[in-house]
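What follows is a set of notes on a single structure, which appears directly below.
Every number in this text was worked out from the coordinates using simple rules, so none of it is lab data. All values derive from a computational prediction rather than experimental measurement. With ideal geometry, Cβ positions are generated from the backbone for all residues, glycine too; neighbour counts draw on all protein chains shown.
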Amino acid sequence: MRLLPALSCLLLAAACVPLGTPITSTAPGTQQPPEYYADKTLRYQDYTYSPDVRSVQCYVGTGQPNEVFQPPVVPLGQSQSIMLEFDVLGEQSQRLTAKIIHCDADWQPSVLTDMQFLSEINEFLITDYRVGTGTKVPYFHYRLRAPGVRLSGNYLLVVQNPGGAPVVSRRLLVYENQVQVGLKPGIVVGGQERYTLQQLDFAIGYAGVDLVNPAAEVKVVLRQNFRWDNAKYNLRPTFVRDAERRLEYQYFGFENAFPGLSEYRYFDTRSVQSVGLGVLHLDPRANPTAVELQPETSRQKLAYNQYQDANGQRVFESREYGNGATNADYFDVTFQLKADQPAPGPVYAFGAMTDWQLKDEFRLTYDEAKQLYSGHALLKQGYYNYDFAVAAARGTAPNEVYFEGTHQETENQYDLLVYYRPPGTRADLLIGYQTVAMNSRQ
């Protein structure tokens with residue numbers, strides 16, 4: 001499910017194709033559900049700590065049109081920097097600062113001092129901010145270039161308000177290719193699973209570096225579409241070939257397999273004058289502008305439908321005024337999902353727009369008489385990917401298969417992270433990284 005060049009042409013088209021889903025967020029003048037934002041404790045994950053902070057994007061600044069779809073992963077010493085952008089709702093700008101925290105492979109703060117991974121003072125005043133212009137919903141747009149670091153590994157970029165409370169945090173990855181990573185699509189060995197799962201086979205060659213006890217000390221993380229919520233952890237090598245200096249990971253219990261799911265649903269709210277893809281109705285007289293998406297249905301029992309998507313991501317833009325950073329307004333977007341009966345758990349709109357988390361404001365309400373889930377959210381103008389997820393047991397990934405179905409043919413992006421802590425050191429290094437496309441359309 002990747003944004004290809006052809007999709008850029010699709011985004012410029014004015015066609016109106018039905019697609020949509022529901023949410024429950026707040027427009028100005030309504031009450032924000034407090035649960036998600038009540039606890040201001042710093043979390044070592046992608047997190048938003050204030051209901052006024054919206055539209056967070058963290059990506060590698062490549063200078064290309066689709067740079068916002070590049071995950072915040074860079075080689076050590078690369079000139080291209082990781083960018084963080086976000087909006088703060090309101091008519092008054094704030095003095096915000098940022099800092100970077102070095103973490104271990106398990107995303108806990110390491111014991112390193114700032115000067116061991118930074119070459120400058122670890123406090124960065126955000127001076128690049130601009131006011132939104134010509135919008136009904138007032139906001140300021142902030143932009144920060146992450147500082148360069150001296151070690152590979154995991155980093156948490158944290159933005160703080162004047163009182164020192166976190167405003168937003170994002171995970172960054174800096175890697176070096178000390179080992180050879182072989183990641184490729186595999187063949188699922190199973191019955192029905194061969195039609196629903198996507199398997200990733202991989203191996204790690206370490207002929208060029210001395211690793212002490214690599215079978216136990218090397219840690220790997222396997223991700224789908226650069227997500228952390230459903231990543232595969234604690235994968236141990238099944239074969240250690242000392243003579244070849246190679247670790248092989250070959251599983252038979254689907255440990256290295258993911259549900260392929262379906263291509264993401266989508267909608268287009270870039271225009272305030274006409275309805276876009278997935279939009280049923282638009283009311284520009286409302287404040288904020290009200291958008292009702294096409295009612296969606298379950299895809300759980302449907303055959304696979306191929307089209308190009310953005311792997312759950314979104315891009316901000318205003319057709320009438322151009323620059324999405326400061327000219328795009330905020331719309332009150334209503335999502336709708338038809339369902340004959342309630343799901344086995346709470347239902348949420350889900351995707352990059354929710355930080356891949358089940359946020360209270362994106363929870364849908366079921367109307368038994370209408371057999372309809374619905375809700376609304378305050379979202380910036382743009383093109384969005386999303387799907388519907390059912391809350392699963394605490395600590396487990398949401399159930400996206402219930403409404404979306406799952407297919408081996410779906411296009412997805414995968415990456416593998418390889419960590420190692422050399423003996424006598426106090427830092428987990430990211431010594432290998434590779435991405436691979438499953439069912440690429442290119």
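Among 435-441, 199-205, what's the highest-first ranking by average C-beta atoms within 10 angstrom per residue? Spell out each step's value before the answer.
Details: 435-441: 15.7, 199-205: 20.6.
So the peptides 435-441, 199-205, ranked by packing, come out 199-205, 435-441.
Peptides 230-243, 103-116, 322-335, ordered by how many other C-beta atoms sit within 10 Å of their residues on average, highest first, read 322-335, 103-116, 230-243.
Just the Kirkwood number for segment 270-320, please: inverse of mean 1/r across all distinct Cα pairs, in Å, one decimal. After inverting the pairwise mean of 1/r, the radius is 13.5 Å. The value of relative contact order for segment 303-442, using C-alpha pairs under 8 Å at least six residues apart, is 23 percent. Short-range pairs are left out: with C-alpha atoms under 8 Å and at least six residues apart, the relative contact order of the chain is 22 percent. Residues whose amide H comes within less than 5 Å of that of E263, counting only those at least five positions distant or on another chain, are N305 (H built at 1.01 Å from N in the peptide plane).
With the cut-off at 19 Å, report for segment 36-174 the share of all Cα pairs above it, as a whole percent.
Details: 4934 of 9591 pairs.
When every Cα pair of segment 36-174 is considered, 51 percent fall beyond 19 Å.
Sparse packing (at most 16 other Cβ atoms within 10 Å of the Cβ) combined with a DSSP loop state is found for the following GluC sites (Glu not before Pro) in segment 117-219: E120, E123, E176.
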